[in-house]
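Undergrad: Can you keep this structure in mind? I'll have questions shortly.
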Amino acid sequence: MDDAKTITITINGKQVQTTEGRYLLEVCRENGVDIPTLCHHEAVSPAGACRLCAVEVGDGKGRSRIVASCIYPCWDGMVVETESPRAVGVRRLVLETLLARAPKVPVIRDLARRYGIRRPRFPLENHQCILCGLCVRVCSEVVGVHALSMQGRGAEKECGTPYLSGESTCIGCGACVYVCPTECIHMEDRDGVRTIWHEDAGVKTSVRQFKLKYCKVCGAPLGPEYQLEYIRKKVGLPEDFHDLCPGCRATGRRVAATT
Amino acid sequence: MTGTSGWVADGRTGPTGTPLIRSPRDLEEARKRFLASYQAVQKYISVCGGTGCRGGGCLAVAQAIRDVVREEGLEQTLPVRLTGCHGFCERGPIVVIYPQKIFYQQVKPIHARKIVTRSAVAGEVLEDLLYKAPDTKEAIPHEEDIPFYRKQMRLVFGRNGAIDPENIEDYIALGGYSALVKALFSMQPDEIIEEVKRSGLRGRGGGGFPTGRKWASMKKAPSPDGRRFVICNADEGDPGAFMDRSLIEGNPHSVIEGMIIGAYAMGATAGYVYIRREYPLALQTLTTALRQAREYGFLGQDILGSGFSFDIGINRGGGAFVCGESTALMASMEGKVGEPRPKYVHTVEKGLWDRPTCLNNVETWANVPLIIARGADWYAGIGTDKSKGTKIFSLVGKVNNTGLIEVPMGITLREVIFEIGGGIQKGRRFKAVQTGGPSGGVIPESLLDLPVDFDRLTEVGSMMGSGGMIVMDDRTCMVDVARYFLQFLTEESCGKCVPCREGVRRVKEIVERICRGEGRMSDLRLIEEMAPEIADGSLCGLGQSAPNPVITSIRYFREEWEAHVRDRKCPAGVCKDLITYSIDPVKCTGCMACVKPCPQQCITGERKKPHVLDASRCIKCGACYEVCKYDAVLRQ
Ligand SMILES: Cc1cc2nc3c(=O)[nH]c(=O)nc-3n(C[C@H](O)[C@H](O)[C@H](O)COP(=O)(O)O)c2cc1C
Ligand code: SF4
Ligand code: SF4
Ligand code: FES
């Protein structure tokens, strides 16, 4: 925003200054107010999907509503309660239903325990994926290859490569593995091959394999060939750029300079 | 033309030749000519061509009538017109003889000859094809005297039966596009917005948001490149609702005229109609209407010489219920997955392609020309304090007269159901009415005198929605009704946010368990605890309103829920796991009517002697119960 306006908002009774239009979650966190999240990550745009970051926002005159703080823009004079009964009610609903869906996932168990939920009142399932969509967003927004998407809708929704097959534009970078909060995307480098797959309720989908490339001099692993090519072409590096690891490339340059 | 963003909508080729009408004066002259030729034909036969009547075979009826007209050599003197929906679809196909306006219903091709020769030519009224009052059995020759129509106020629907939707000249003849002339040549854009504000018009697509206020915000919102859009929401995903379809099929130019006026008022550069995939007839009618509007000069460059340029394209819906939600609709138009996004930044500021966008429902747009032509004061005089004008409802379920009705806001549910709807079928008892589509609430008998308006319906836990109205009788189980809507909503949830995706399906599971007789009293408390959390936590209107049916059902029919849970009984006899069928040996006359319909052959007995039902093989289909004339089949 070009004409950023400084505004005053109230968070849990404390007045703080910030810039109009910034996302509420960021402002709360900067001011030491902790709000749990599952579908939020600084590297990607907010989606407002998990609703765990629910807080109650009022106009100070008695009218208030529940909003997802990760995607809610701040405005002057707003009064925020992050632990109001209504906000906590939504958070508990989210955690209790997610715990029933994915009872073994550590991050869900910990969060649920924090809100006093040990056993959900619903039949348990054995999912790991909570459909937060972080992997999809990191792949399209950060990596820029759109290899992942959500398939289907409602309770049948699944996440993965198109049609959950191995067919996709995936370059094997592993960004989704890193960002997934429930660790249901797996990556394994073995015998010169990298395998990435999504595993939910014991079913493996979106299995992708990549040949790994090693340094021609020292043999250090460099990454999947496909990914290195993708980066090389995108950045416009010389064709032999990825033959050597950075260390050997530097040594090579020194040798060339001295001879 | 600006703002097509690289995609060219259906039929949008821009003006090819010069338009036929280039100024307000051209329009007035054309109107005189069209009206003269419209009125020259005094005597004609009109056949309803709405989708309901088409299902009943109206095209075959029209063909048969045309054949007879030709055989009798009457082509020059007795035209046959196909019109838009009359609303009384249950009685279709409908044929009206002009100028006497004799209203024939349930017409079949074999009636063609007598309709032409005896009625249209000789002036006889054919008793057997008239509508008969259910109570007095009196035959009623004119549409306006039929109870179904008497309490209606057909403003938006008014011209549906009078014009040929494929012929723009009919619409012009009856005053069409004069509101546009008024708006373009004697009103400033802000005056139009002010007029719509003062009229009190609220959105007919569900939320009831004040239309004038929405227009004013859109007008104010800046656009980085000047592009601004108006969209007509014709997605109509509610099962059983077909008012928007009938409007487009019956009077498409009223919607188009409303959109042009709105575009001018808000400074829009392009318009789109987002129309449901499953509506081929509406799509065809709309395509024709847009083409004619372009040819006659109401769309395109320099409309009627006003300097204002604007055109409308068609976009076909994504197919899911949730695609009717504003942000999902726009995502789908941009070629993305049709999923909602949080609306903390409103679509009037950042909508389609992140440009200011005003989305209104079909019926909302169709109200605009009426307001501009007849004035905000006239409009605001109809309806209640905060709900103005009329509303079209799709009246279905266990009422005698089903169909599309248009009533003034503030009419009571009792008037709608018992006067227009003619009461409950087979003289059974009214139990509840569900308003507002799949996420509306159920309203019990004690609230029948409730005036129908946005706020009163919301107060009792339901909503106006887009205007669905399902009437239920005493054989309906309210637990089963809640289960049905929860199932629909679970299937239609897009699955993006947790409260809706996980919450609604868990409530559905609990209700299914209760229907199976495995409920606990704590279940009711659990549902009541989850409902406000789902409503508070969900991202879009689908999840936010999803608890309505189950919560109102528990609120107004708690004994029935408790009977399911505590006594493991379904008082209405619907939940299969909770009922058994048997035969009362005292009442059974041994007529044997039930023996054959039973698919399990579990009813045995001799003629004139009491029969026996073997409950161990019974699959509870209820076939015997339906056929027994002596109430001897017991359902407990
Ligand atoms: C799940 C869902 C489905 C909807 N479907 C429709 C629809 O089919 N037609 C419609 O006009 N509005 C629909 N709406 C409402 C739209 O989001 C929007 O509010 C409306 O089109 C605005 O027009 P109005 O102000 O004229 O009512 C739906 C909303 C939700 C939450
Ligand atoms: S795989 Fe992980 S990151 Fe992707 S949607 Fe599932 S839980 Fe979220
Ligand atoms: S409320 Fe339901 S339909 Fe709406 S975004 Fe959430 S999951 Fe999708
Ligand atoms: S972190 Fe805000 S909705 Fe998920």
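Undergrad: Which aspartates and glutamates have a Cα lying under 14 Å from the Cα of B:Lys629, excluding residues fewer than 8 positions away in the same chain?
TA: B:Lys629 reaches B:Asp584.
Undergrad: Considering only Cα-Cα distances, which of the following residue pairs are longer than 18 Å: B:Lys426/B:Lys608; B:Lys197/B:Lys388; B:Lys576/B:Lys596; B:Lys101/B:Lys132; B:Lys197/B:Lys220? Intermediate results must be reported in sequence, preceding the final value.
TA: Working: B:Lys426/B:Lys608 28 Å; B:Lys197/B:Lys388 11 Å; B:Lys576/B:Lys596 21 Å; B:Lys101/B:Lys132 16 Å; B:Lys197/B:Lys220 15 Å.
Flagged as over cut-off: B:Lys426/B:Lys608; B:Lys576/B:Lys596.
Undergrad: If you add up the charges near B:Glu143, with Lys and Arg at +1 and Asp and Glu at -1, over every other residue whose beta carbon is less than 12 angstrom from its beta carbon, what do you get?
TA: Details: positive: B:Arg91, B:Lys101, B:Arg150, B:Arg154; negative: B:Glu144, B:Asp145.
Value of the local net charge: +2.
Undergrad: As an exercise, identify the trypsin sites (Lys or Arg not before Pro) in the stretch B:471-515 lying in DSSP coil whose Cβ has no more than 15 other Cβ atoms within 10 Å.
TA: Qualifying residues, ordered by number: B:Arg475.
Undergrad: Which Rg and Dmax, in Å, describe the Cα atoms of the protein assembly as shown?
TA: 32.0, 118
Undergrad: Along the principal axes of its C-alpha atoms, what lengths does the stretch B:580-636 span, in descending order and rounded to whole Å?
TA: Here the Cα extents, ordered largest to smallest, are 25, 20, 17 Å.
Undergrad: Oh, and also: Would you compute the Debye intensity of chain B from its alpha-carbon atoms alone, equal scatterers and no solvent, and pass along log10 I(q)/I(0) at q = 0.05, 0.06, 0.08, 0.12 Å⁻¹ to two decimals?
TA: -0.26, -0.37, -0.65, -1.29
Undergrad: Say the cut-off is 32 Å between C-alpha atoms; which of B:Lys508/B:Lys587; B:Lys43/B:Lys108; A:Lys233/B:Lys336; A:Lys233/B:Lys343; B:Lys391/B:Lys569; A:Lys104/A:Lys213 go over it?
TA: B:Lys508/B:Lys587; A:Lys233/B:Lys343; B:Lys391/B:Lys569; A:Lys104/A:Lys213
Undergrad: Please report the Cα spread of the stretch A:1-92 along all three principal axes, rounded to whole Å, starting with the longest.
TA: That works out to 36, 34, 21 Å along the principal axes.
Undergrad: Quick one: net charge around A:Asp59, please, counting Lys, Arg +1 and Asp, Glu -1 for every other residue with C-beta under 13 Å from its C-beta.
TA: Charge balance in the 13 Å sphere: 0.
Undergrad: Name the aspartates and glutamates eligible as straight-distance cross-link partners of B:Lys350: C-alpha to C-alpha under 18 Å, and not fewer than 8 places from it in the same chain.
TA: Hits, sequence-local ones excluded: A:Asp2, A:Glu20, B:Asp225, B:Glu325, B:Glu334, B:Glu339.
Undergrad: For helix B:252-266, report the angle its Cα long axis makes with the longest principal axis of the Cα atoms of chain B; keep it between 0 and 90° and round to the nearest 10°.
TA: Tilt relative to chain B: about 60 degrees.
Undergrad: Hey, if you drop one equal point scatterer on each alpha-carbon of the stretch B:390-476 and run the Debye formula without solvent, what base-10 log of I(q)/I(0) do you get at q = 0.18, 0.19, 0.20, 0.23 Å⁻¹?
TA: Relative scattering, expressed as log10 I(q)/I(0), comes to -0.65, -0.73, -0.82, -1.13.
Undergrad: Here is a follow-up. With no solvent and one point per C-alpha, what does the Debye sum give as log10 I(q)/I(0) for the stretch B:133-202 at q = 0.12, 0.18, 0.20 Å⁻¹?
TA: Log10 of I(q)/I(0), two decimals: -0.57, -0.91, -0.99.
Undergrad: Over all distinct alpha-carbon pairs, what is the Kirkwood Rh of chain A in angstrom?
TA: So the Kirkwood estimate lands at 21.2 Å.
Undergrad: Can you give me the C-alpha center-to-center distance between the stretch A:74-93 and the stretch B:213-233, rounded to a whole angstrom?
TA: 31
Undergrad: Once you have the Kirkwood Rh of the stretch A:126-230 from its Cα pairs, apply Stokes-Einstein at 4 °C and 1.567 mPa s and quote D in µm²/s.
TA: This corresponds to a translational diffusion coefficient of 91 µm²/s.
Undergrad: Quick check on the stretch A:170-237: what does the Kirkwood estimate of hydrodynamic radius come out to from the alpha carbon pairs, in Å?
TA: 13.0
Undergrad: Could I ask something else about it? Using just the helices of chain A, give the 222 nm mean residue ellipticity in deg cm²/dmol: DSSP H runs with n ≥ 4 each add -39,500 (n - 2.57), and the total is spread over all residues, rounded to 500. Don't skip to the answer; put the middle values down first.
TA: Numbers: 7 runs with 66 residues, N = 259.
It lands at -7500 deg cm²/dmol.
Undergrad: Normalised by the empirical 2.2 N^0.38 Å for globular proteins, what value does the Cα Rg of the stretch B:26-113 take?
TA: Working it through for the stretch B:26-113, the quotient is 1.17.
Undergrad: I would also like to ask the following. From other protein chains only, count the Cβ atoms within 10 Å of every residue's Cβ in B:489-496, then give the mean. Write out the running numbers ahead of the final one.
TA: Working: counts 1, 3, 4, 2, 5, 5, 10, 13.
Other-chain Cβ atoms within 10 Å of each residue's Cβ, averaged: 5.
Undergrad: Buried accessible area for the A:B pair, summed, 1.4 Å probe, in Å² rounded to 100?
TA: What A and B bury together is about 2600 Å².
Undergrad: Also: Using the alpha-carbon atoms, what tilt in degrees (0 to 90, nearest 10) does helix B:362-374 show relative to the longest principal axis of chain B?
TA: 50
Undergrad: Once the Cα atoms of helix B:505-515 and of chain B are each reduced to a long axis, what angle between those two axes, in degrees from 0 to 90 to the nearest 10, is obtained?
TA: Value to nearest ten degrees: 40.
Undergrad: So, one more: Straight-line reach from B:Lys32: which aspartates and glutamates have a Cα under 13 Å away, not including same-chain ones fewer than 8 places off?
TA: B:Glu169, B:Asp170
Undergrad: Project the alpha carbons of the stretch B:502-570 onto their principal axes and report the range along each, largest first, in whole Å.
TA: 38, 22, 16 Å, listed from the longest principal axis down.
Undergrad: Write down the accessible area per residue of the protein assembly as shown in Å², having rolled a 1.4 Å probe over the full set of protein chains.
TA: 42
Undergrad: While we're looking at this one, here's another question. Could you please state how large a percent of the accessible area of chain A is carbon and sulfur, counting protein chains only and using a 1.4 Å probe?
TA: 52
The values are calculated or read from the model by the stated rules, or taken from the named source; none is laboratory data. Since the structure is predicted, the reported quantities are computational estimates derived from the model, not experimental observations. Glycine gets a Cβ as well: all are built from the backbone with ideal geometry, and neighbour counts include every protein chain shown. All accessible areas refer to the heavy atoms of the entire protein, side chains included, with ligands and DNA or RNA removed. Shrake-Rupley method; radii C 1.70, N 1.55, O 1.52, S 1.80 Å.
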